[in-house]
Amino acid sequence: MSVAEIRRTTAPDGTSLAWRCEGPPGAPWLVLSNGAGCSEEYWTASFVPAASRRLRVLWWDYRGHHESRPSPDPARYRVEDHAQDLLALLDAAGVGSAVFLGFSLGVQVTLEAYRRRPRAFRALALVSGSAEDPLATFAGLPALRPVLAGMTALGARIPRVTAHVLRFGMGGPLALPVARWSRFCESEVPEGPFRAYLSKAGRLPPVAFMRTLRLMAEHSARDVLRSVDVPALLIAGLEDSMTPAAVMERLRDALRDAEYLPVRGGRHTLMMTRGAWVAARLVDFLERHGLLPPS
């Protein structure tokens, strides 16, 4: 669990957003955007302790997620809303420019923020995510899209039932074995942080969570990719059942200056299980591009 102080910023529409930071004052900024439903354990299990030795790391919770408050308008859970929140956080923290790392949904949020403020970006790191409509590529089975879209839409309409399903399904004793069986997480995923994530996700406000999942399927930042003129590091788990490596390969092919690192055995929790490795690869990448002084 992180010991970093929770800080608060108000989004333009009044939503209270929670964020944290660690690392040496004056070091280059690294701004992290998480996956839908994901808690800070994705970052703090191993990535932040390693990355914050060289970088000033900022991470935050989406509106309606964990320490951030739900939106006053239940329609305001679009990727565009999350990207605007991210820019508001940059202003509040005094971040003029940074390296941005997006994981899963965070890939879309990061690219959408780039569309709005490209001058703030020194480099990109994109991990296990898509530029658009991740429901269409979920598990490499496009036929699942209408089913998943229908489930998330229904879940937002029956929040009390959804809350019980989330709490039982994600907080129950079978959650970890099922996650391993379905190839969501690696067998060696650290059990403490992963169970903490499952417990927190099971207590999310159901409308916020379901609307976030549904609306990310209506977003596309594919047109942004060709405009990106900063170095990009792409990391994909080769056994990721949620974001197949082929999705990341398409991102690589669309970007003009991209380095691609496939991770053998990596699944959708590689930021937990291989966080220190990802941090080391990112630091090396930034050093080679002259964005971080050699250690």
Quick check on the range 60-74. Is at least one of its residues among the hydrophobic types (A, V, I, L, M, F, W, C) and out of contact with any helix residue (DSSP H, G or I) (no Cβ under 6 Å at 6 or more places or on another chain)?
no
Anything in the range 255-295 that is touching a Gly at 6+ places or on another chain (Cβ under 8 Å) and in a loop (DSSP other than H, G, I, E, B)? List them, or say none.
Gly265, Gly266, Arg267, His268, Arg274
Which of the residues belonging to the range 270-295 are of a type in the set (Gly, Ala, Ser), at pLDDT 95 or above and surrounded by fewer than 22 Cβ atoms within 10 Å (Cβ to Cβ)?
Ala276, Ala280, Gly290
Would you pick out the residues in the range 87-145 that are on the phi > 0 side of the Ramachandran plot and not aliphatic (A, V, I, L, M)?
Gly94, Ser104, Ser128, Asp133, Gly140
Among (1) over 19 Å from the mean Cα position of the chain (by Cα); (2) at pLDDT below 95; (3) small (Gly, Ala, Ser), there is one condition Ser241 misses while meeting the rest; what is its number?
(1)
Residue under question is Ala50, and the condition is that it be touching a residue at least 40 places away in the same chain (Cβ under 8 Å), farther than 24 Å from Met170 by Cβ and either among the small types (Gly, Ala, Ser) or in contact with a Pro (Cβ under 6 Å, 6 or more places away or on another chain) (or both); does it hold?
yes
Pairs returned, first residue in the range 15-38 that is of a type in the set (Ser, Thr, Tyr), second residue that is part of a loop (DSSP other than H, G, I, E, B), beta-carbon separation under 6 angstrom, 6 or more apart or interchain, are Thr15/Arg63; Thr15/Arg69; Thr15/Ser71; Ser16/Arg69
For the condition in contact (Cβ under 8 Å) with a residue 60 or more places away in the chain and not in a helix (DSSP H, G or I), what is the one hit in Ala153, Ala149, Ala123?
Ala123
Out of all the residues in the range 70-86, is one or more at pLDDT 95 or above and touching a Cys at 6+ places or on another chain (Cβ under 6 Å)?
no
Could you list, ordered by first residue, the pairs with Cβ atoms under 9 Å in which the first is in the range 184-207 and closer than 25 Å to Arg69 by Cβ and of a type in the set (Phe, Trp, Tyr) and the second is part of a helix (DSSP H, G or I) and modelled with pLDDT under 95, at least 6 apart or interchain?
Tyr197/Met170
Residues that are farther than 28 Å from Glu249 by Cα and at pLDDT 95 or above: does the range 30-50 have at least one?
yes
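The values are calculated or read from the model by the stated rules, or taken from the named source; none is laboratory data. The model shown is predicted, which means the values in this text are computed figures rather than measured ones. Here Cβ is always computed from backbone atoms with ideal geometry, including for glycine, and neighbour counts include all displayed protein chains.
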